[in-house]
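Every read-out reported here was derived from the displayed coordinates using simple, explicitly stated rules and does not represent laboratory data. For clarity, every value in this text was computed on a predicted model and none was experimentally measured. Note: ideal-geometry Cβ built from the backbone for every residue, glycine included; neighbour counts use all protein chains shown.
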Amino acid sequence: MSLPRKNRDDPRTSVGVSFAARLAFEHIDHAYDDKAVLDDVSLVAEAGEVLCLLGPSGSGKSTLLRIAAGIEPQQAGRVLLNDREIAGPSVFLPPEKRSIGLVFQDFALFPHLTLLDNTRFGLTELSRKDGIAEAKNALSRVGLGDKMDAYPHELSGGQQQRVALARALAPRPAVLLMDEPFSGLDSRLKDAVRAETLAILRQSRTTAIIVTHDAEEAMRIADRIALLKDGRVVQVGTAQQLYHQPVDLFTARFFSEVNIFRGTVEDGAVETTLGRIAAPGFAPGARVKVAIRLVGIGVSSEHGEIEARVVRRRFLGVTEVLELAISGAEQTVRATIREGHLEAGVKNVRLSVRLSDVLVFASPSD
Ligand SMILES: Nc1ncnc2c1ncn2[C@@H]1O[C@H](COP(=O)(O)OP(=O)(O)OP(=O)(O)O)[C@@H](O)[C@H]1O
């Protein structure tokens with residue numbers, strides 16, 4: 001996207017330093033044809049923070065980014081940059097006036113242009129000399145200062161991603177939007193590129209909104225995470241908040257693998273295959289779902305209240321996943337253990353449940 005560096009209400013004040021802006025969505029609704037894809041979305045990316053938009057495919061993440069960038073006008077609600085309305089009922093700033101940069105999933109580099117020309121592509125408001133200087137500066141910031149004359153096909157996927165980042169950062173945007181920026185990368189490259197990207201964002205002090213459908217990725221990079229489902233924000237918070245205090249089962253399952261048991265609350269607790277689970281705050285007779293994380297089930301050949309039998313054992317490298325049968329219960333239970341924690345060939349085990357890995361949710365329709 002072409003973004004001017006000089007803008008009348010530019011939130012930046014000095015060359016070389018971006019002053020991050022706060023980007024707010026207020027009550028955004030959007031539909032394609034008659035299909036609603038965003039429903040009353042209110043969300044804030046605070047100045048300088050990395051906010052991840054997390055959610056399954058089709059939950060509306062990319063649409064929200066496109067609305068922020070000005071590529072897609074929302075049907076209702078407002079978008080504000082530092083409390084200034086940039087899109088709303090009476091205002092619509094075009095993309096190039098927003099001081100918002102965008103990095104696409106496929107990097108969208110021009111194959112016939114050198115890295116330098118790719119990077120200075122959006123610097124249309126600068127003189128040729130200043131544009132080249134800014135582009136060189138941006139490429140140096142992402143560690144590609146020695147490759148300015150190379151072409152994209154001569155680079156690895158990780159390097160191409162850095163060029164895309166340099167091109168987006170060159171106009172010194174107040175906010176940078178990134179749509180699944182790491183999904184095209186080899187899994188071995190991902191960790192390094194993610195860490196580098198984060199370091200560059202911190203150094204440039206840019207507010208960033210990054211779309212991902214991978215909870216672990218969001219936990220690695222985000223200051224805060226906004227979880228979306230069917231066009232609605234389900235929960236916003238730090239990784240710890242979403243992991244430890246999920247508002248619903250959808251959120252819990254997004255962040256960890258769980259066993260789910262249905263039950264009815266009696267005397268403040270619910271009976272499950274893994275024993276009696278306290279359900280504070282639920283009325284007698286309430287239908288609930290109990291989620292117990294796979295990592296929260298202790299498996300031992302000696303200690304534990306519940307007897308079980310190993311019916312399947314899958315090696316995953318650092319961990320193993322066990323499928324366990326419990327006498328008298330139809331439903332098998334899964335547990336994750338450290339690789340080698342249980343001797344090979346052991347069939348009869350004992351289980352214990354760690355209470356911090358137990359979550360109880362209302363489930364009135366069950
Ligand atoms: N230009 C379009 N025209 C019609 N429908 C669209 C358009 N863009 C997206 N949609 C639909 O809107 C819904 C939300 O799409 P969006 O791309 O915002 O979701 P997403 O969470 O980013 O998903 P993904 O991770 O698959 O990209 C989807 O059902 C999608 O098919």
Charge dipole (debye, nearest 20) of the chain; +1 at Cβ of Lys and Arg, -1 at Cβ of Asp and Glu: 820 debye
message: Cβ neighbours within 10 Å, averaged per peptide: list 144-157, 72-85 in order, most packed at the top.
response: 72-85, 144-157
- request: Determine the shape class of region 132-212: with a ≥ b ≥ c the square roots of the Cα gyration tensor eigenvalues, call it rounded for a/c under 1.5, and otherwise prolate if a/b is greater than b/c, oblate otherwise.
  value: oblate
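Translational diffusion coefficient, Stokes-Einstein: compute it for the chain using the Kirkwood radius over C-alpha pairs as Rh, at 25 °C and 0.890 mPa s, and state it as an integer in µm² s⁻¹.
It diffuses with D of about 106 µm²/s by this estimate.
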- prompt: Over region 257-301, what per residue volume does the convex hull of the Cα atoms give, in whole Å³?
  reply: 75 Å³
query: Among Gly328, Gly340, Gly131, whose mean-square fluctuation peaks in a Gaussian network model of the chain (Cα, cutoff 10 Å)?
result: Gly328
- line: In the chain, taking the dipole from +1 charges on Lys and Arg beta carbons and -1 charges on Asp and Glu beta carbons about the Cα centre, the listed residue (Ala215, Gln160, Ile277) farthest towards the positive end is Gln160
message: So if I place +1 on the C-beta of Lys and Arg and -1 on the C-beta of Asp and Glu, and nothing else carries charge, what would the dipole magnitude of region 256-362 be about its Cα centre? I want it in debye, nearest 20.
response: 260 debye
- request: Select from region 330-366 those trypsin sites (Lys or Arg not before Pro) which occupy a DSSP coil region and have at most 15 other Cβ atoms within 10 Å, ordered by residue number.
  value: Lys347, Arg354
field: For region 316-364 and region 116-169, distance of Cα centres in Å
entry: 50 Å
- prompt: Relative contact order for the chain: what is it in percent, counting Cα pairs under 8 Å that are at least 6 residues apart?
  reply: 16 percent
task: Rounded to whole Å and sorted largest first, list the principal axis extents of the Cα atoms in region 70-123.
output: 41, 19, 14
- prompt: So which residue, out of Leu169, Leu177, Leu185, gets the largest mean-square fluctuation from a GNM of the chain using Cα contacts under 10 Å as springs?
  reply: Leu185
- request: Starting from the eigenvalues of the Cα gyration tensor, five times each then square-rooted, give me the equivalent ellipsoid semi-axes of region 17-93, largest first, whole Å.
  value: 21, 16, 10
query: Each label point is 7 Å from the Cα along the Cα-to-Cβ direction; what then is the distance between the points at Glu125 and Ser42, in nm?
result: 3.2 nm
query: At Ala329 and Val295, where each label point lies 7 Å from the Cα along Cα→Cβ, what is the point-to-point distance in nanometres?
result: 2.1 nm
message: Of all beta bridges DSSP finds with both residues in region 177-257, what is the antiparallel percent, to the nearest 5?
response: 60 percent
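Among the listed pairs Lys61/Lys289; Lys97/Lys190; Lys289/Lys347; Lys61/Lys190; Lys97/Lys129, which are separated by more than 24 Å between their Cα atoms?
Pairs exceeding 24 Å: Lys61/Lys289; Lys97/Lys190; Lys289/Lys347.
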- request: As a check on your grasp of the helix formula, calculate [θ] at 222 nm for the chain: sum -39500 (n - 2.57) over DSSP H runs of n ≥ 4, divide by the residue count, round to the nearest 500.
  value: -6500 deg cm²/dmol
message: What is the angle, in °, between the Cα long axis of helix 128-141 and the longest principal axis of the Cα atoms in the chain? Nearest 10 is fine, range 0 to 90.
response: 30 degrees
- prompt: Helix 157-169: angle to the longest alpha-carbon principal axis of the chain, degrees 0 to 90, nearest 10?
  reply: 60 degrees
- prompt: Residue farthest toward the positive end of the dipole of region 23-249, with Cβ of Lys/Arg at +1 and Asp/Glu at -1: which of Val41, Ile225, Asn137?
  reply: Asn137
query: Any idea how far the Cα center of region 237-286 sits from the one of region 83-114, in Å?
result: 42 Å
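Per residue, how big is the convex hull of region 100-238 when only Cα atoms are used? Give it in Å³. Before the final figure, lay out each step's value.
Values: hull volume 15.8 nm³, N = 139.
Once divided by residue count, the hull of region 100-238 is 114 Å³.
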- line: Quick shape summary for region 256-362, equivalent ellipsoid via Cα gyration tensor, semi-axes whole Å in descending order, reads 27, 13, 11
statement: Under 5 Å from the placed amide H of Ala286, counting only residues 5+ away or on other chains, we find Val265
- request: Nearest 5 is fine: what % of DSSP beta bridges in region 23-249 come out antiparallel, could you say?
  value: 55 percent
field: Per-residue ³J(HN,Hα) for region 329-334, Karplus 6.51 cos²θ - 1.76 cosθ + 1.60, θ = phi - 60°, Hz, x for Gly and Pro
entry: 10, 6, 7, 7, 10, 10
